[in-house]
Every structure is written in structure tokens, then in C-alpha cells.
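*Asks:* Please find one structure pasted underneath; my questions will follow.
The values are calculated or read from the model by the stated rules, or taken from the named source; none is laboratory data. The structure presented is a predicted model; accordingly, all values stated were derived computationally and were not measured. In this analysis, Cβ positions are derived from the backbone assuming ideal geometry, glycine residues included, and neighbour counts consider all displayed protein chains. Ligands, DNA and RNA are stripped out before the accessible areas are found, and what is left, the full protein with its side chains, is counted by its heavy atoms. Shrake-Rupley method; radii C 1.70, N 1.55, O 1.52, S 1.80 Å.
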Amino acid sequence: MKTFLRLALAAIVLAILGTGGFYLHRQSTQKAAQVARQGVVDQARKLLQTENPGEALKLLQAHFKADLAFSDMAEWPSLMVNAAAESRDYGQLESLVGRYPFTLRECESAALWWMRMKLHRGQWDTALPVLELWPPEKRQQPHAWKLLEADQCIHDGRRREARESLDTWKAEGNDEVNRQLRLALLADKDPATVTRALNAAFAENPQSVDLRATAAGYLESFGRLSDARREYIAAYLLEPSNPLHGEQLARFYLRTRALPQAIETWRQTYEKTGDVRSWFNDWFWERVTQSRGQPLAPRAGEWWGGVALDLANTPIDAFLPENFLTPNAEAPAILADNEAFQWLTILEQIRTGQEAAARATLDAIKLAPDSTARDLQTLLSALLDWRAGASWPAEFTLSTDRLNHRFFATLANLKPGQSPSLETFLRSSAAPAALILAQGWTGAADRLLAPADFPLAADLPTELDWLPYALTKMRTRQAGAEMALQVAAQYPNDLAVQGLAGELLLSLGKTDEGLAQLESVASDTQGPGTRANYLLALAELERRDWKAFDARLAARTDLADSVGGRELTARAALARKDPDTALAIYQGLGTDSIEGLVYRFREALAADQRDTARTLLQDLLRLAPNEPIFHQWLHELDRTNT
């Protein structure tokens with residue numbers, strides 16, 4: 001018994017000593033961790049002081065533990081936000097601010113960036129709480145705040161207020177450059193004044209990203225699209241880590257109807273920054289138009305959660321995952337007011353037969369001059385109302401866009417009872433898809449209308465004579481030439497479709513079949529026949545069959561007198577070793593022919609006529625402001641002149 005008591009007592013003593021040792025060990029470990037963390041903080045501060053914010057951010061992120069952000073590492077979020085702001089790593093900055101919004105109270109550069117981002121996205125109201133966090137007496141960058149105030153006035157159209165605000169102060173260096181730039185740009189849009197201001201500002205600080213982005217917007221408003229494009233690209237390249245500049249460039253491309261370039265810009269922006277908005281914009285436009293290659297793999301975002309991953313797993317024939325449209329489902333908060341998401345919702349509702357719901361969603365889209373599809377929204381709303389029993393509107397307010405599809409004008413001018421066959425079609429399941437196809441959204445139309453449901457030629461009114469060709473073209477883009485040929489077979493009497501079938505056969509390498517198909521259309525005296533003869537003449541030119549080539553152009557004066565026909569004649573002259581005739585033809589075409597301008601530009605360069613070459617190149621840039629090779633040539637011409 002005594003032995004047992006001694007052993008028990010020893011065990012208790014050892015346990016007590018062990019517990020104390022554990023606590024002593026933990027305290028020692030915690031102290032060491034605190035010392036190590038403080039060492040990292042001190043090193044990061046030194047990097048910031050020596051203007052190495054990027055390295056400071058990497059160091060802090062490598063040692064940061066999110067579960068300690070509000071306790072032992074409470075100062076770290078603000079340090080990381082400051083480092084991200086100073087290094088202009090805007091993807092990291094937005095992510096950090098999203099997780100730790102309190103840092104906007106402590107980091108002035110981040111607050112300024114945040115508010116400017118909100119301004120550019122049209123969300124200024126959501127930035128006002130941050131403004132209240134920075135009263136004038138707290139600000140260390142007063143001129144930056146005043147520039148932001150002026151930009152907000154400009155953005156809202158309050159130009160007089162912007163001028164008055166800018167007139168109340170002066171600065172030095174880059175702040176003064178930006179102040180003068182804004183004052184000049186507010187001088188009633190006088191191009192000469194603006195040009196002088198831009199030249200002076202660029203001479204002072206050509207690397208100012210804000211200056212380049214601001215200049216781009218004003219140059220675009222003056223119609224100087226080539227110059228605007230250059231400045232948008234400059235801002236984008238100067239700060240590739242800032243998704244805002246990628247978004248601005250992509251939207252510029254969208255406004256100038258350069259959708260492939262817009263999509264490519266969003267893809268590159270996502271790859272460089274990880275900004276999920278860029279991924280979503282790319283995903284939307286590829287979904288409603290056509291795929292541009294390998295889909296981008298999304299990542300979960302700080303604010304987006306798994307929304308992007310859910311969207312990426314949408315069934316191939318749908319526009320949204322099924323759970324997004326279940327009863328009482330709400331849009332993901334990050335996309336609640338996003339117009340592209342609203343359009344995806346509308347398209348999915350139409351696809352699943354929920355036209356009343358689609359009509360309600362259309363009402364939720366705010367009409368604005370820069371809406372994604374303003375006229376489509378107006379006409380589709382009227383169509384769905386009419387299909388539900390409402391009267392057809394007496395008049396429409398559509399844009400004056402000369403590039404709108406003629407079907408838009410057909411519907412805008414429709415008077416009830418005038419065209420019973422058209423009204424019959426408008427009541428069919430194919431009508432919404434036809435309207436969406438007229439918008440150019442081939443991917444959306446293809447998902448809404450299966451080939452088996454394509455309208456028969458006999459059922460189509462004359463107002464829809466464009467539809468068989470459009471459907472065939474749609475299937476070409478979405479499913480390839482072989483599938484498109486199956487659609488073409490449904491419309492054997494449509495010469496435009498049969499001419500396209502010939503082109504599809506040529507694209508598949510079936511040269512003899514393709515040329516024979518084109519010959520079957522060549523006797524047509526309208527557009528399809530002209531197109532078929534052009535392609536046949538091109539084939540004869542490539543084969544150097546001069547007898548057939550000359551005979552064809554002699555027989556078809558409509559082709560011979562067209563721009564395309566005259567270009568063929570010039571190419572034939574070059575092939576026949578007659579450059580003088582080719583040059584005369586191209587000169588006669590003037591600015592109607594990009595091919596001719598390119599030839600004359602190269603001839604001028606070869607003759608060392610640089611002023612002439614520059615003039616021709618400027619004509620090319622006016623005709624095709626988004627063509628990269630023309631900008632490259634201009635850059636090379638400028639470089640060789642210096």
C-alpha cells in the first residue's frame with residue numbers, strides 16, 4: 001500500500017511538472033513566433049522605404065496567416081494593402097481590400113484607387129462611404145483627391161463644376177500635368193487645344209498611366225479612334241496588373257465593333273491578373289457569339305466564391321446552370337445588376353419556355369446609351385409582349401446605328417395586319433431566336449433553335465429572305481462546314497445559301513465540287529451570282545487561266561466594275577508583269593480599297609517616298625483603326641524617321 005501511494009504521488013508530481021513545462025514551452029514558442037513575425041514586418045517596411053513594394057508584398061504574403069489577421073497579425077493586412085497599392089498590383093489590391101475593407105481607412109493610396117475604380121465602373125454611390133473616411137484634414141495626397149473630384153464631375157457630365165474645381169488649386173510635377181490636362185480637355189472639346197495639352201502632358205510624363213487612359217477616352221469622344229486605341233493600349237501595357245485598363249481597352253473594342261479583339265483582351269487580362277470579371281466577360285461573349293479556342297479555366301474569386309466554377313460547368317446547350325433559375329433563386333450577389341448576367345438569364349428563360357419571366361428580366365435591365373444590346377432589348381420586349389396578347393407598339397425608339405440588321409427595321413415598321421405571313425412566323429418558336437440571330441449572337445441563337453426546328457423555306461415570308469443564309473452561316477460558325485452543308489440542303493432554291501454551300505465545299509478541300517456548286521449559281525444576276533463569279537474568277541486567276549478570267553469579267557460588268565472586281569483585275573495585271581496598270585487601278589480606287597492602299601503604301605516605301613507612305617498609312621488606320629499590323633507599320637515608319 002505504501003509503495004502504491006509513493007508511485008501515485010510521483011505520477012502526480014510528474015504530471016504537474018509536465019504541464020508546467022508544456023506551458024513554458026508554448027510561451028517560448030509563441031515568443032519566438034512573435035519575434036519572427038516582427039522581423040518580417042521590419043524587413044517589409046524597409047523594402048517599402050527603399051521603393052521595393054513588390055518584394056515587400058511577396059514577403060508578407062509568404063508569411064501571412066489569415067486566421068491571425070484580427071489578432072497577432074492585425075497590422076499585416078494594411079501593410080499588404082499598402083504594398084499592393086505602391087506596386088500597383090491591382091488584382092492583389094482588390095482581393096485584399098475585399099477581405100479586409102477596414103484597410104481603406106488606413107491606406108490613402110488604396111482608398112484613392114478604390115474610389116477611382118468604382119467611378120470607372122459606374123458605381124460611385126458605393127464609394128461614398130470611403131470618401132467619408134478621408135476628411136480633408138486627414139489627407140496626405142490632397143491633389144490626388146481633387147483630381148478624383150474633378151473626374152467624378154466629368155463622369156457625371158458636370159463639366160462646369162469640374163472646371164471650377166480645377167481652377168481653385170495648382171500643383172507641381174505630375175499632379176499639375178494632370179490638372180492642366182483636364183482643364184484643356186474641358187475646353188469645349190476643341191481638338192486643337194486638346195492636342196496641345198496632350199502633347200505637353202506626354203512631354204512632361206509619358207509614363208503616366210492615368211494620363212494615357214484619360215487621353216484615350218477624350219480622343220475617342222473626338223472620333224480619333226486610331227489615336228484613342230493607341231492610348232488605351234499604352235495604359236494597358238504600362239500597367240498590365242491593373243484589370244481596369246484591360247477592361248477599358250476591351251470595352252473600346254466592343255464599341256468599335258471589334259469583338260474578337262475585345263474577347264482576346266479579356267482573355268489576356270484574366271491570364272495576367274486573375275480578375276474574375278475578365279473571365280466572366282470573355283465567357284459571356286463566347287457563349288452568345290462563338291468560341292475563340294480553348295475555354296479559360298476559372299478560379300474561385302475572393303468575392304465570386306464558386307460562381308465562376310458553376311458557370312464554367314453550364315451544360316453545353318444552356319446559358320446558366322439549372323440551380324441559378326430554380327424557384328426563389330436569386331442572382332449571385334456579385335452579378336445581381338450585371339447586364340451580361342441578365343441577358344444570360346433572359347436567354348435561358350426563353351430556352352426553357354419561360355417567356356413571361358424573360359419579359360420581367362428584360363424590364364430589369366436599365367436602358368443606357370452604352371447598353372450591351374439596347375435595340376434588341378426594345379424589340380424583344382415588344383415581341384414577347386405581343387406573343388402574350390398585348391398590342392404591337394405603334395412606334396419604336398431605336399438607335400440610329402447604320403449597322404443594325406434590317407430585321408430590326410422590319411419589326412420597327414410593322415403594322416398589324418399588313419403581313420399575315422410574318423405575323424404567323426412571329427408567333428412560332430423560331431421568332432425569338434431569329435431576332436437574337438439578327439443581333440449577331442450566333443451562339444445564343446444556335447442554342448435556342450435546333451436544326452430540326454429550322455423554318456421551312458415555304459413558310460418564310462419575304463421579310464425573312466435573309467434567314468436561311470443566316471442559319472447556314474450560324475451552323476458554320478457553331479458546328480463547322482459539314483453540319484452547315486446539311487442546313488444548306490434544306491434550302492435548295494435559295495441561291496445565297498447554295499453559293500455559300502460552294503464556299504463550304506471549297507473550305508473542306510473539295511475543290512471540284514465547290515467550283516461546280518458556284519457555277520450553278522453564277523447565272524444569277526443579283527448578289528449571290530456576283531459573289532459566285534468573284535470566287536470563280538479568283539480561282540481562274542490562281543490557275544492563270546487568263547482566257548476564262550477575261551471572259552468572265554467581260555460577261556459580268558457588275559463584277560468588273562465593283563471594287564472586288566477591279567482588285568482582281570489589278571492582281572491579274574501584276575501576275576502578267578504589268579505593274580503600271582495595277583498601280584493605276586489601285587490609285588483609281590482611292591480609299592475604297594484597303595488592298596490598293598496597302599499596295600501603294602509598299603510602293604511608296606520602296607521608292608523612299610515617306611510622306612506619301614505616311615499619308616496612305618493614315619488612310620488605312622482611319623478605315624481599320626483596330627488592325628494591329630497598320631499600327632506596327634506606323635511605329636516602324638516613325639522609328640526609321642528618328
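*Asks:* Full extension from LYS46 to ARG576: what is 0.36 nm times the residue separation minus their Cα-Cα distance, to one decimal in nm? All intermediate terms of the calculation are to be shown ahead of the outcome.
*Replies:* Working: separation 530, 0.36 × 530 = 190.80 nm, distance 7.25 nm.
Length gained between LYS46 and ARG576: 183.6 nm.
*Asks:* Right, another one. 222 nm [θ] for the chain, helices only, -39500 (n - 2.57) per DSSP H run of 4+, per residue, to 500? Walk me through the numbers on the way to the answer.
*Replies:* Working: 35 runs with 430 residues, N = 642.
Computed mean residue ellipticity for the chain: -21000 deg cm²/dmol.
*Asks:* How far, in nm, would the chain grow between ASP608 and GLU149 when pulled straight, counting 0.36 nm per residue and subtracting the alpha carbon separation?
*Replies:* Values: separation 459, 0.36 × 459 = 165.24 nm, distance 5.03 nm.
Fully extending the segment from ASP608 to GLU149 adds 160.2 nm.
*Asks:* Need one number: the % of Cα-Cα pairs in the chain sitting beyond the 33 Å mark.
*Replies:* In whole percent, the long-distance tail amounts to 62.
*Asks:* Looking at THR103, TYR491, GLY509, which one has the Cα that reaches farthest to the positive end of the dipole of the chain (charges on Cβ: Lys, Arg +1; Asp, Glu -1)?
*Replies:* It is THR103, whose Cα lies furthest towards the positive end.
*Asks:* How far is helix 495-507 tilted off the main Cα axis of the chain, in degrees rounded to 10, range 0 to 90?
*Replies:* For 495-507 against the chain, the angle is about 60 degrees.
*Asks:* How tilted is helix 276-288 with respect to the longest principal axis of the chain? Cα atoms for both, answer in degrees (0 to 90, nearest 10).
*Replies:* Approximately 20 degrees, to the nearest 10.
*Asks:* Translational diffusion coefficient of region 558-633 at 4 °C, 1.567 mPa s, Stokes-Einstein with Kirkwood Rh over Cα pairs, in µm²/s as a whole number. Numbers along the way, then the final one.
*Replies:* On the way: Rh = 12.8 Å.
Result for D is 102 µm²/s.
*Asks:* Please tell me which of these pairs span more than 29 angstrom C-alpha to C-alpha: LYS473/LYS510; LYS46/LYS118; LYS138/LYS366; LYS31/LYS272; LYS118/LYS272; LYS170/LYS366?
*Replies:* Details: LYS473/LYS510 19 Å; LYS46/LYS118 32 Å; LYS138/LYS366 38 Å; LYS31/LYS272 40 Å; LYS118/LYS272 21 Å; LYS170/LYS366 39 Å.
Where the Cα-Cα span goes over 29 Å, the pairs concerned are LYS46/LYS118; LYS138/LYS366; LYS31/LYS272; LYS170/LYS366.
*Asks:* Say R0 is 35 Å: what FRET efficiency, to the nearest 0.05, do TRP124 and PHE64 get from their beta-carbon distance?
*Replies:* Numbers: r = 32 Å, r/R0 = 0.91.
The calculated FRET efficiency here is 0.65.
*Asks:* Does region 314-437 come out rounded, prolate or oblate by the C-alpha gyration tensor, with a ≥ b ≥ c the root eigenvalues, rounded set by a/c under 1.5 and, if not, prolate when a/b is larger than b/c and oblate if not?
*Replies:* On the way: a/c = 2.06, a/b = 1.51, b/c = 1.36.
In terms of gyration-tensor shape, prolate.
*Asks:* State, to one decimal in nm, how far the label point of THR525 lies from the label point of ALA357, with both points 7 Å from Cα in the Cβ direction.
*Replies:* Here the answer is 5.4 nm between the modelled labels.
*Asks:* Charges at C-beta only: +1 for Lys and Arg, -1 for Asp and Glu. How large is the resulting dipole of region 274-380 about its Cα centre, in Debye rounded to 20?
*Replies:* On the way: 8 positive and 15 negative charges, 29 e Å.
I would put it at about 140 debye.
*Asks:* Karplus couplings for region 625-633 from phi (6.51 cos²θ - 1.76 cosθ + 1.60, θ = phi - 60°), rounded to Hz, Gly and Pro as x?
*Replies:* Karplus-based 3J(HN,Hα) across region 625-633 equals x, 9, 7, x, 5, 5, 5, 5, 4 Hz.
*Asks:* For ALA388 and VAL35, FRET efficiency with R0 = 60 Å and r from the beta-carbon atoms, rounded to 0.05?
*Replies:* Values: r = 72 Å, r/R0 = 1.20.
E(calc), rounded to 0.05, equals 0.25.
*Asks:* By the gyration tensor of its Cα atoms, with a ≥ b ≥ c the square roots of the eigenvalues, what is the shape of region 231-311: rounded for a/c under 1.5, prolate for a/b over b/c, or oblate?
*Replies:* Oblate shape, in that a/c is at least 1.5 and b/c is the bigger or equal ratio.
*Asks:* Given a Förster distance of 45 Å, report the FRET efficiency between SER562 and ASP638 from their Cβ-Cβ distance, rounded to the nearest 0.05.
*Replies:* Working: r = 35 Å, r/R0 = 0.78.
Approximately 0.80, to the nearest 0.05.
*Asks:* What spacing in nm lies between the two simple spin-label points modelled at ALA450 and ALA555, each 7 Å away from Cα in the Cβ direction?
*Replies:* Distance between label points: 4.4 nm.
*Asks:* How large a share of the accessible area of the chain, in percent, is made up of carbon and sulfur atoms when the probe is 1.4 Å and the other protein chains stay in place?
*Replies:* On the way: 16870 of 32540 Å².
Reported share for carbon and sulfur atoms: 52 percent.
*Asks:* Rounded, prolate or oblate: which fits region 379-447, taking a ≥ b ≥ c as square roots of the Cα gyration tensor eigenvalues, rounded meaning a/c under 1.5, else prolate when a/b beats b/c?
*Replies:* Numbers: a/c = 1.75, a/b = 1.15, b/c = 1.52.
Verdict is oblate for region 379-447.
*Asks:* Right, another one. Would you work out which of THR472, ALA187, PRO416 lies farthest towards the positive end of the dipole of the chain? Charges go on Cβ: Lys and Arg +1, Asp and Glu -1.
*Replies:* The residue sitting most towards the positive pole is ALA187.
*Asks:* Report, in debye and to the nearest 20, how large the dipole of the chain comes out about its Cα centre when Lys and Arg carry +1 and Asp and Glu carry -1 on their Cβ.
*Replies:* On the way: 70 positive and 83 negative charges, 317 e Å.
With only Lys, Arg, Asp and Glu charged at Cβ, the dipole is about 1520 debye.
*Asks:* Evaluate the distance, in nm, between pseudo-label points positioned 7 Å from the Cα of LEU538 and of ARG255 along their respective Cα→Cβ axes.
*Replies:* 3.4 nm
*Asks:* Which GluC sites (Glu not before Pro) from region 303-410 combine a DSSP loop assignment with at most 12 other Cβ atoms within 10 Å? Present the calculation step by step, with values, prior to reporting the outcome.
*Replies:* Details: sites: GLU322, GLU330, GLU339, GLU348, GLU355, GLU395; in loops: GLU330, GLU395.
In loop regions of region 303-410 (DSSP not H, G, I, E or B), the sparsely surrounded GluC sites (Glu not before Pro) are GLU330, GLU395.
*Asks:* Taking 0.36 nm per residue of separation and subtracting the Cα-Cα distance, what length does fully extending GLU330 through SER507 add? Don't jump to the answer; show the numbers that get you there.
*Replies:* Values: separation 177, 0.36 × 177 = 63.72 nm, distance 4.58 nm.
Contour length minus Cα-Cα distance gives 59.1 nm.
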